[in-house]
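Here the structure comes first, spelled out in C-alpha cells, and everything after it is commentary.
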Amino acid sequence: MAERAPIESVQCFGRKKTAVAVTYCKRGRGLIKINGCPIELVEPEILRFKAVEPILLLGRQRFAGVDMRIRVKGGGHTSQIYAIRQSIAKALVAFYQKYVDEQSKKEIKDILVRYDRTLLVADPRRCEPKKFGGRGARARDPSFKAIKPIFLIDRHRFVDVDMRIQIKDGGHTSQIYAFYQKYVDEQRKKEIKDILVRCNRTLLVVGLKRCESRKFSGRGVSVMGLKL
C-alpha cells in the first residue's frame, strides 16, 4: 500500500491581551473560517474590516492556494479580532517560508511590518489595574492627595507634632519633613526623605512644569483659527 504524502501545513498563534487565536493553515483553495464561520461573516460587523486586513494588504491571490481554520477564545470582541488578524498574518508568513520560497515570504513580511508591526509581533501592553483612593489606575481624589504623606510615612511619626497649613496660589507641601529636619535627629529625617522621594519627588521638590498659555485667534495652545 502506497504511503500517503504528508500534508503541507503550519500552525500559528495570535495573541491580544487575554484573547488567543490559533490558525491551522494547509494547502487548499482559499477557504478561511473562524470558529466554523466564514471570515466574511465574522462578528461584530464594525470590526470585520480589521479581521480581513492581511487579505486586503497582500491581495486575495496570495491566499488562493491555502485553507485556514481559526479557533479563537478568551478576551473581548476587539481583542479576539486583533488576535485573529495576527494569527492569519503569521500563518501565511510561516507557510510561505516552509513550503514556497524565501523571497516571497520576505516580500509578504515587509508589507505587513511596514503597515502595522503588531500583525506579526504580539502587543505586550496591558490595562493598568485600578488602585485604592481614586477612580482609576492614576486618577486620585484631591482629599487623598492631601493626606498621602500620612499614609506613606506612618501615622505614629505625626503623633508628636501639630500642623497648621495655609495654602496660597495653589500648591501642596509636607511640613513633617521640615520639622524632623529642624528638631529631630538626622537618621529619622533621612528615612522620611527616602520614603517620600521614592514615591513622588514632587512631595519635597516644587514641580516646574506649567500648562502652556492659550494663544490668540485659537481655542487652545495648538488649535489656531486660520482665515483663508
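Structure summary
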read-out: L92 being surrounded by fewer than 18 Cβ atoms within 10 Å (Cβ to Cβ), at negative phi and of a type in the set (A, V, I, L, M); value: no
read-out: Single residue of the range 31-55 satisfying the filter (in contact (Cβ under 8 Å) with a residue 40 or more places away in the chain and not aliphatic (A, V, I, L, M)) that is surrounded by the fewest Cβ atoms within 10 Å (Cβ to Cβ); value: E53
read-out: Failed condition for G59, given (1) exposed (fewer than 14 other Cβ atoms within 10 Å of the Cβ); (2) within 23 Å of T78 (Cβ to Cβ); value: (2)
read-out: Considering residues of the range 4-30 that are surrounded by 14 or more Cβ atoms within 10 Å (Cβ to Cβ) and among the β-branched types (V, I, T) only, the residue farthest from I84 (Cα to Cα); value: V10
read-out: Scope the range 66-87; condition surrounded by 15 or more Cβ atoms within 10 Å (Cβ to Cβ) and outside any helix (DSSP H, G or I); matching residues; value: V66, D67, M68, R69, I70, R71, V72, G75
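Bear in mind these aren't lab numbers, they're just calculated from the coordinates by the rules spelled out. For clarity, every value in this text was computed on a predicted model and none was experimentally measured. Glycine also receives a Cβ, built like all others from the backbone with ideal geometry; neighbour counts cover every protein chain displayed.
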